Amino acid sequence: MADFGISAGQFVAVVWDQSSPMEALKDLVDKLQALTGDEGRVSVENINQLLQSAHKESSFDIILSGIIPGSTTLHSAEILAEMARILRPSGCLFLNEPVETAVVNNSKVKTASKLCSALTLSGLVEVKELQRKFLSPEEIQSVREHLGYHSDSLLSVQITGKKPNFEVGSSSQLKLSTTKKSSGKPAVDPAAAKLWTLSANDMEDESVDLIDSDELLDPEDMKKPDPASLRAASCGEGKKRKACKNCTCGLAEELEKEKLRDQISSQPKSACGNCYLGDAFRCASCPYLGMPAFRPGEKVLLSDSSLNDA
């Protein structure tokens, strides 16, 4: 019992399950009561009833689970979280559990590393493995009877974890400095300040040469660039000239004007000059027959059927 660090006046919880031999449980409780004395207390809890227990937070200094010789207790994540809750700050948990040495998918028995990870996720720190041993024939039989698990690669490990020295949800005031920081500007080298300072008197000094911004431009910079020189290398190249989607070089406008000229030139020309006056003044073969009168020079588009009929 000295391995668990139990002393007089401490509150200890012993967790057992159906695999725990009753005689061994009674012997363990008697030894613990002798160690804790009258000022301490030893509580015995069934693991299946632990979640329904009325224990308050930070109730025990030490929790022993599966420590009873012959026990084959498995600890779920909920059970480990409840044990961490009822432990006092800096309290310790000691547990024994059968583990797998081989990786088995969907196994109810965890490996030693997964068991240590489960204790860490429950909120414990300084989790470490204390002991590892082979299962006794009685323990192997107990695993088969109470857990319904058959494996030849089982070991029994003893693992401990410690609760942090603060309670879940506790708060602490931060000590912030109340002294005001100096708002003074950093010292400036007088020589450097004088170097970059320009006063009105300096502007009147004839020795100060000011550069005219217009002199920075060459005559070539003042000329308007040729639109053809602004086009990209591949703009308008190929058998069919085509402007870019967001044309900015003027090719789109140029192609639009060419298209308009082609449409105007494709329209039939009036031989008599009276086509715009209406059907009363048009000849029998006029392509504008049946169309309303229009102004001279106004753009009139004829459909292909009108041109074929004409």
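Some points to look at:
- Summary of the geometry: the stretch 89-149 and the stretch 150-173, compared by the centres of their Cα atoms, lie 11 Å apart.
- Electrostatic bookkeeping for Q10 treats Lys and Arg as +1 and Asp and Glu as -1; over the other residues with beta carbon under 10 Å from its beta carbon, the sum is 0.
- Probe 1.4 Å, accessible area per residue of the stretch 39-78, Å²: 46
- Ranking K242, K163 from most to least accessible surface, computed with a 1.4 Å probe over the protein chains only, gives K242, K163.
- Once the convex hull of all Cα atoms in the stretch 84-173 is built, its volume per residue stands at 114 Å³.
- The residues E129, E39, sorted by heavy-atom accessible surface at 1.4 Å with ligands and nucleic acids left out, run E39, E129 from largest to smallest.
- At 1.567 mPa s and 4 °C, Stokes diffusion of the stretch 7-95 via Kirkwood alpha-carbon radius, µm² per second: 99
- Rounded to the nearest 10 Å², the accessible area of M291 at probe 1.4 Å: 50
- Against the criterion of solvent-accessible heavy-atom surface with a 1.4 angstrom probe, F94, F134 sort, most first, into F134, F94.
- Accessible carbon and sulfur surface of the stretch 16-69 relative to its total accessible area, %, 1.4 Å: 48
- Between K224 and C244, residue separation times 0.36 nm minus the direct Cα-Cα distance comes to 4.9 nm.
The values are calculated or read from the model by the stated rules, or taken from the named source; none is laboratory data. All figures in this text were calculated on a predicted structure; none of them were measured in a lab. Every residue, glycine as well, gets a Cβ built from its backbone with ideal geometry; the counts of neighbours run over all protein chains shown. With ligands, DNA and RNA removed, areas are computed over all heavy atoms of the protein, side chains included. Shrake-Rupley method; radii C 1.70, N 1.55, O 1.52, S 1.80 Å.
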